[in-house]
């Protein structure tokens, strides 16, 4: 954008916003009140996420971790069990991160290339990373991480337990993931970050830097939106069936050691889908539903996902899930939130094998006869209490 603060730049921003609308409300979008209403809300949430991720918190001079995805700004097939945070960096700069690591099931800090806005998801790389179990703790249980091109020297006075994360010239941001198994008991990290090689206060925001961020937001609304929309539509419109997970390359930006499986589901009001999984030996697994727009719908108030601590295993060692538009009265209900087509996703972390998630469709009225004796049933009152607890646990996890 050649004139980042003038009327021309605003006109270009409005054009990008219009393109977001044309991407989301294409002729392929089912013509229903649900899709029109939720699509409009998703567009606003995607814009809100872009303003945070591209404009407000990609400042390498005044760094801060910001939640870049959460249940009110869900996009990109986010995991309901994860807290995501982003922090822009200058690869030639030096940064210090410190604070409480929390007690989440997993904690991983990645230094990555690219940006979610550019839509080139297959090209992003993790240039360095550290997992929570590799971090030493100080006497008070705190952690300290230094991020810089060269290792800190004794004169820099890092704590003796500090960890060094090396930058590379193409790095653009730090990405923090925390996976939670038990939402009720595991605590999120509380971290601060500062830039060490510049004196405070940071330089004033000039029009060149603001123009760069506005350009990034333009990409977010066009290339980024197109990337997630195309992937989500392709899966939602694919033939539903079993889902087989795969393990990405070691330098990919996904969570280290995690295998991902994605497929489509289809479930009309008078139908149900029964999924079966024999969980492998692993640190974590989960099954989730995502909407046409590749977002997790109403994570707190609807049971759109279940992980290894939340799902109920049958006596034969199999976990059976039921996708249905209304409550089938079983513990492992996956609620599609009214979407008759969407994405079905499975994740395994550090698994000894990658079993397929089976898939079969049955009439809704036959669900009980299709499940084994002893399947845990849930009354409407019990379901309501489960969802109340889920909602409260999520709020605590997100500190709302």
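No value in this document is a laboratory result; all are computed from the given coordinates. The shown structure was predicted, so the numbers you read here are calculated from the model rather than taken from an experiment. Don't worry about glycine lacking a Cβ; one is built from the backbone with ideal geometry, like all the others, and counts go over all protein chains shown.
Here are the numbers for this structure:
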{"item": "Percentage, to the nearest whole number, of Cα pairs in the chain over 27 Å apart", "result": "53"}
{"item": "As computed over the stretch 233-284, the Cα convex hull volume per residue (Å³)", "result": "118"}
{"item": "Shape category assigned to the stretch 283-374 from the gyration tensor of Cα positions, a/c cut at 1.5", "result": "oblate"}
{"item": "Max mean-square fluctuation residue, GNM over the chain, Cα-Cα springs under 10 Å, options 316, 78, 59", "result": "316"}
{"item": "Gain on full stretching of the segment that runs from residue 396 to residue 237 - 0.36 nm per residue minus C-alpha separation", "result": "53.7 nm"}
{"item": "Estimated distance in nm for a label pair at residue 164 and residue 140, the labels positioned 7 Å out from Cα along Cα-to-Cβ", "result": "2.5"}
{"item": "Distance (nanometres) between label positions extended 7 Å along Cα→Cβ at residue 205 and residue 326", "result": "5.0"}
{"item": "Between the stretch 225-281 and the stretch 341-385, the Cα center-to-center distance that results, in Å", "result": "15"}
{"item": "Calculated P(r) tail over 19 Å for the stretch 234-398, as whole % of Cα pairs", "result": "55"}
{"item": "Prolate/oblate/rounded call for the stretch 7-230, Cα gyration tensor, a/c under 1.5 rounded", "result": "oblate"}
{"item": "DSSP beta bridges in the chain [antiparallel fraction, %, rounded to 5]", "result": "90"}
{"item": "Antiparallel content of DSSP bridges confined to the stretch 234-398, in %, to 5", "result": "95"}
{"item": "Convex hull of the stretch 18-86 built on C-alpha atoms - directionally averaged projected area, nm²", "result": "5.4"}
{"item": "Gyration tensor verdict on the stretch 164-236 (Cα atoms; rounded if a/c is under 1.5, prolate if a/b is larger than b/c, oblate otherwise)", "result": "oblate"}
{"item": "Cβ-Cβ FRET estimate between residue 155 and residue 128, R0 fixed at 35 Å, reported to 0.05", "result": "0.90"}
{"item": "Mean Cβ neighbour count within 10 Å, used as a protection proxy, ranking 356-366, 213-223 highest first", "result": "213-223, 356-366"}
{"item": "Efficiency of FRET between residue 250 and residue 56 - r from beta-carbon atoms, R0 41 angstrom, step 0.05", "result": "0.80"}
{"item": "Angle between the chain longest axis and helix 225-236 axis [Cα atoms, degrees, rounded to 10]", "result": "20"}
{"item": "In nm, spacing of pseudo-spin labels at residue 14 and residue 368 (7 Å Cα→C-beta vector)", "result": "5.9"}
{"item": "For the chain, calculated [θ]222 nm from helices alone, where every DSSP H run of n ≥ 4 adds -39500 (n - 2.57)", "result": "-7000 deg cm²/dmol"}
{"item": "Extension gain from residue 313 to residue 352, taking 0.36 nm per residue of separation minus the Cα-Cα distance", "result": "12.2 nm"}
{"item": "Mean Cβ neighbour count within 10 Å, used as a protection proxy, ranking 32-41, 288-297 highest first", "result": "288-297, 32-41"}
{"item": "Kirkwood Rh in Å, taken over all unlike Cα pairs in the stretch 163-320", "result": "20.1"}
{"item": "Most to least packed among 80-92, 133-145 [average Cβ atoms within 10 Å]", "result": "80-92, 133-145"}
